[in-house]
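A.B. asks: Got a structure for you, questions after.
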Amino acid sequence: MKNTATTTPLSRILSIIAGLLIAVAIFVPLWRIELDAPQYPEGLALIISANNIGGDVNTINGLNHYIGMKTLHTEDFIEFTILPYILAAFALLFSITGVAGKRFLLVIATYAFIIFGILSMVDFYQWNYNYGHNLNPDAAIRVPGMAYQP
């Protein structure tokens, strides 16, 4: 027997709104990391978007070099190449789900997005860990046993 269960009008509207918000996430910064230091009273910012790392990247790379961290470059992360396409696919999926109004599509879209979110957090944690723990042993400033975990 074919499952023809439909979603409520509210679920359909929320699915379409979710699709639109995910589409917007392709074009606006997703995260802003602000760093404060006495020698930089205005602070430093690292701005992460779906397709690049921006902000004060060169200054932050220069500072991180002293403690042995690898420099940050957009091209070193495959995530910045594929993330805009993944977000576009989810935007389309949620929009189609809202228009079609089929419950099974909503369940698939929701679970897929939750899994994507979990995998993204694990990936982000791993590269944060790698950058903060795999320090250059020849760095200018070395503290035995020191690691940096943002």
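The values are calculated or read from the model by the stated rules, or taken from the named source; none is laboratory data. Everything quoted here is computed from the prediction, not taken from an experiment. All Cβ positions, glycine included, derive from the backbone under ideal geometry; neighbour counts span all protein chains shown. For accessibility, only protein heavy atoms count, side chains too; no ligands or nucleic acids. Shrake-Rupley method; radii C 1.70, N 1.55, O 1.52, S 1.80 Å.
A.B. asks: Identify, please: which residue in the range 9-48 is open to solvent by 60 Å² or more (accessible area, probe 1.4 Å) and in a strand (DSSP E or B) and is, among those, farthest from residue 92 (Cα to Cα)?
C.D. replies: 41
A.B. asks: Can residue 97 be described as buried (at least 17 other Cβ atoms within 10 Å of the Cβ) and either in a helix (DSSP H, G or I) or of a type in the set (Gly, Ala, Ser) (or both)?
C.D. replies: Values: buried (at least 17 other Cβ atoms within 10 Å of the Cβ): yes; either in a helix (DSSP H, G or I) or of a type in the set (Gly, Ala, Ser) (or both): yes.
Yes: the conditions hold for residue 97.
A.B. asks: In the range 100-126, which residue that is more than 20 Å from residue 23 (Cα to Cα) and surrounded by 13 or more Cβ atoms within 10 Å (Cβ to Cβ) is nearest to the chain's Cα centre (by Cα)? Reasoning before the result, please.
C.D. replies: Within the range 100-126, the first condition is being more than 20 Å from residue 23 (Cα to Cα), and the residues that meet it are 102-104, 122-126.
Okay, now just the ones that are also surrounded by 13 or more Cβ atoms within 10 Å (Cβ to Cβ), so 102-104, 123-124.
On the way: 102: 29, 103: 28, 104: 27, 123: 9, 124: 7 Å.
Among those that are more than 20 Å from residue 23 (Cα to Cα) and surrounded by 13 or more Cβ atoms within 10 Å (Cβ to Cβ), it is 124.
A.B. asks: Also: In a helix (DSSP H, G or I) and either in contact with a Gly (Cβ under 9 Å, 6 or more places away or on another chain) or open to solvent by 50 Å² or more (accessible area, probe 1.4 Å) (or both): does that describe residue 148?
C.D. replies: Details: in a helix (DSSP H, G or I): no; either in contact with a Gly (Cβ under 9 Å, 6 or more places away or on another chain) or open to solvent by 50 Å² or more (accessible area, probe 1.4 Å) (or both): yes.
No; evaluated as a whole, the condition is false for this residue.
A.B. asks: Would you check if there is a residue in the range 81-88 being farther than 15 Å from residue 113 by Cα and of a type in the set (S, T, N, Q)?
C.D. replies: Initially, the range 81-88 is screened for residues farther than 15 Å from residue 113 by Cα, giving 81-82.
Filter once more, keeping what is of a type in the set (S, T, N, Q): 81.
Within the range 81-88, one or more residues are farther than 15 Å from residue 113 by Cα and of a type in the set (S, T, N, Q).
A.B. asks: List pairs: first residue in the range 29-40 and of a type in the set (Asp, Glu), second residue at pLDDT below 90 anywhere in the structure, Cβ distance under 7 angstrom, at least six positions apart or on different chains.
C.D. replies: Listed by first residue and then by second, the contacts come to nothing, as the list is empty.
A.B. asks: Then there's this: Quick check, is residue 85 out of contact with any Ser or Thr (no Cβ under 7 Å at 6 or more places or on another chain), under 30 Å from residue 146 (Cα atoms) and among the aromatic types (Phe, Trp, Tyr)? Let's see the steps before the verdict.
C.D. replies: Numbers: out of contact with any Ser or Thr (no Cβ under 7 Å at 6 or more places or on another chain): yes; under 30 Å from residue 146 (Cα atoms): no; among the aromatic types (Phe, Trp, Tyr): yes.
No, not satisfied.
This table checks each residue for (1) over 29 Å from residue 141 (Cβ atoms); (2) modelled with pLDDT of 95 or more; (3) aliphatic (A, V, I, L, M).
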| residue | (1), (2), (3) |
| --- | --- |
| 15 | yes, yes, no |
| 24 | yes, yes, yes |
| 28 | yes, yes, yes |
| 39 | no, no, no |
| 49 | yes, yes, no |
| 75 | no, no, no |
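A.B. asks: Same structure again: Looking at residue 89 and the list (1) modelled with pLDDT of 90 or more; (2) hydrophobic (A, V, I, L, M, F, W, C); (3) part of a helix (DSSP H, G or I); (4) surrounded by 15 or more Cβ atoms within 10 Å (Cβ to Cβ), which single condition is not satisfied?
C.D. replies: So residue 89 meets the others, but not (4).
A.B. asks: Kindly establish whether residue 75 is out of contact with any helix residue (DSSP H, G or I) (no Cβ under 9 Å at 6 or more places or on another chain), without any contact (Cβ under 8 Å) to a residue 12 or more places away in the chain and exposed (fewer than 12 other Cβ atoms within 10 Å of the Cβ). Lay out the reasoning, then the answer.
C.D. replies: Values: out of contact with any helix residue (DSSP H, G or I) (no Cβ under 9 Å at 6 or more places or on another chain): no; without any contact (Cβ under 8 Å) to a residue 12 or more places away in the chain: yes; exposed (fewer than 12 other Cβ atoms within 10 Å of the Cβ): yes.
So residue 75 does not fit the description; no.
A.B. asks: Any residue that is aliphatic (A, V, I, L, M), without any contact (Cβ under 8 Å) to a residue 40 or more places away in the chain and loosely packed, with under 15 Cβ neighbours inside 10 Å - is there at least one of those in the range 52-62? Step through it out loud before you land on a result.
C.D. replies: Filtering the range 52-62 down to residues aliphatic (A, V, I, L, M) leaves 53, 57, 60.
Add one more test, that the residue is without any contact (Cβ under 8 Å) to a residue 40 or more places away in the chain, and what stays is 53, 57, 60.
If we keep only those that are loosely packed, with under 15 Cβ neighbours inside 10 Å as well, we get none.
Looking through the range 52-62, none of the residues is aliphatic (A, V, I, L, M), without any contact (Cβ under 8 Å) to a residue 40 or more places away in the chain and loosely packed, with under 15 Cβ neighbours inside 10 Å.
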